[in-house]
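Read-outs: derived from the displayed coordinates by stated rules, not from any lab. All figures in this text were calculated on a predicted structure; none of them were measured in a lab. Glycine gets a Cβ as well: all are built from the backbone with ideal geometry, and neighbour counts include every protein chain shown.
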Amino acid sequence: MVNVPADNGAAAIPVDFAMDIANQLIEHGTASAGTPQGLFVQAVAPGGPAAAAGIHAGDVITESPGDAVEIEHWRDGHTATATVTLGSASQT
């Protein structure tokens, strides 16, 4: 990851994301982030429902209706789906 200073804080940008943008600029003179809006997964509890469903830190969850849900998430430039049973952190 590349850490970028930002007003008394920092933002982390995955290197592969930065390289993708750099390559787009080199090849086309413009770039598009192409990342969908949604819930960014910062961490996944080992052994928890999200981990069991295959969710990884860095995914972007783009849909989530109901308690036991099939979610659509974004990883490495592609959309994927997983079934997750929602619960509290104390259940992990």
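Values for this structure:
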read-out	value
Estimated inter-spin distance, V60 and A80, nm [label 7 Å along Cα→Cβ]	1.6 nm
Net charge contributed by nearby residues that have their C-beta within less than 9 Å of H73 (K/R +1, D/E -1)	-2
Net charge of Cβ neighbours under 14 Å - reference V60; Lys, Arg +1; Asp, Glu -1	-3
Rough spin-label spacing in nm, given labels placed 7 Å along Cα→Cβ, for E70 and A31	3.5 nm
Ranked E70, E27, criterion: other C-beta atoms within 10 Å, fewest first	E27, E70
